[in-house]
Amino acid sequence: MALPDKYKAVWVSHSSMGDFLKCPRLYYLRNIYKDPKTGRKMNIVTPALSLGVAVHEVLEGLAKFPSDVRLNRNLLDDFEKEWEKVTGEKGGFKSKEEEEDYKKRGIEMIKTVINNPRFLGNKIIKLPQEKMNPNFYLSEDDNLILNGLIDWIEYLPKTDSLHIIDFKTGKNEENEKSLQLPIYLLLCNALQKRKVSKASYWYLDSDKIVEKELPDKDEARRDVMEVAIKVKEAREKGVTGGGFNCPRGEEGCIFCRPFETILNGGGKNVGLGAFNQDLYIV
Ligand code: SF4
């Protein structure tokens, strides 16, 4: 049998499926729609997003260094460098005061890590990856590829197993129905041989570690497949076939309003994102 074409596959991830679950039209606007003038997708930058990106870049950047020297780094210096990339309008900040507030929160999170780096000095493993995020065929028959980047994967030598960690920079706790852990478990199982024995969220604002019960691997696959197939079906129907219709009709809601504003000529273009999308503040 001929191998499926990876370029024609539908790629799904935690964020794209999260968009779809909020609303198919939101999924369309963020993941498919291209501005006819620039030929690029669009995204909206917000202060919360920029704070998350800067803190994640610092912490995930530690994985580049061997465990015995990793904690020698000056994380506050690293944070300053990352903040430069999101400062001002390109980070979605509308005033100096707003930016200062968010930056202060970021510095506090980094200090929290410096004061107690917990497992960050322990051995880790990385999932294989080339240009794209780690990925695998969720279903060859349906030509569906699941991809995702796990923030941190600690190696637990006593049990020769893995501990998945997700850094949280927002104030809200992850929704219990989130597909994040099922997706991470599927990625780990597909792309390496060790068993995942533990999963935690590290809420950096409050320095709280919340250990999560691991999902059953068959249930994880079933739950992720269910959404991935819906995404695929919506894409097959397309806009004209009603695949991305608003489920709320006239009522509308907060999720797509900023995107619709841009479609109507509003918002301000503040540059290009990491994936070559046009970035806007609204
Ligand atoms: S207003 Fe409708 S189309 Fe827009 S995000 Fe909400 S539900 Fe979706």
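Just so it is clear, none of the values below were taken in a lab; they were calculated from the coordinates. Bear in mind that the values here come from a model prediction, so they are computed numbers and not experimental data. In this analysis, Cβ positions are derived from the backbone assuming ideal geometry, glycine residues included, and neighbour counts consider all displayed protein chains.
What to note about this one:
- When the C-alpha to C-alpha distance is required to be over 18 Å, the pairs from K131/K232; K111/K208; K126/K195; K41/K268; K8/K237; K103/K171 that qualify are K131/K232.
- Each Lys or Arg adds one and each Asp or Glu takes one away; over the other residues whose Cβ falls under 14 Å from the Cβ of R30, this sums to +3.
- Listed residues I153, I209, I164, most fluctuating in the chain (Gaussian network, C-alpha, under 10 Å): I209
- Estimated dipole of the chain in Debye, rounded to 20 [Cβ of Lys and Arg +1, of Asp and Glu -1, Cα centre]: 460
- For C256, distant residues with modelled amide H under 5 Å away: none
- Under the Karplus curve 6.51 cos²θ - 1.76 cosθ + 1.60, θ = phi - 60°, whole-Hz ³J(HN,Hα) for segment 198-211, x wherever Gly or Pro sits: 7, 9, 9, 9, 10, 7, 6, 5, 10, 6, 10, 9, 10, 7
- Theoretical FRET efficiency, 1/(1+(r/R0)^6), r = Cβ-Cβ of D101 and E236, R0 41 Å, to 0.05: 0.40
- Largest to smallest principal axis extent of the C-alpha atoms in the chain, angstrom: 55, 55, 32
- Kyte-Doolittle mean at least 1.6, axial Cα span of 24 Å or more - DSSP H helices of the chain: none
- Spacing of the two label points (7 Å from each Cα toward its C-beta) at R257 and I114, in nm: 3.9
- For segment 26-140: relative contact order, % (alpha-carbon pairs under 8 angstrom, 6 or more apart): 26
- Taking the DSSP beta bridges with both ends in the chain, the antiparallel portion is around 60 percent.
- Note on K268 and D5: with the Förster distance fixed at 35 Å, the Cβ-Cβ geometry gives a FRET efficiency of about 0.35.
- Relative contact order (percent, whole number), segment 122-245, Cα cutoff 8 Å, 6+ residue spacing: 21
- The three principal axes of the Cα atoms in segment 122-245 give end-to-end lengths of 52, 34, 29 Å, sorted in falling order.
- Between G61, I32, G121, the Cα set farthest toward the positive side of the dipole of segment 29-126 (charges on each charged residue's Cβ, about the Cα centre) is that of I32.
- For segment 131-137, Karplus couplings with θ = phi - 60° (6.51, -1.76, 1.60), whole Hz, Gly/Pro x: 6, 8, 4, x, 8, 7, 6
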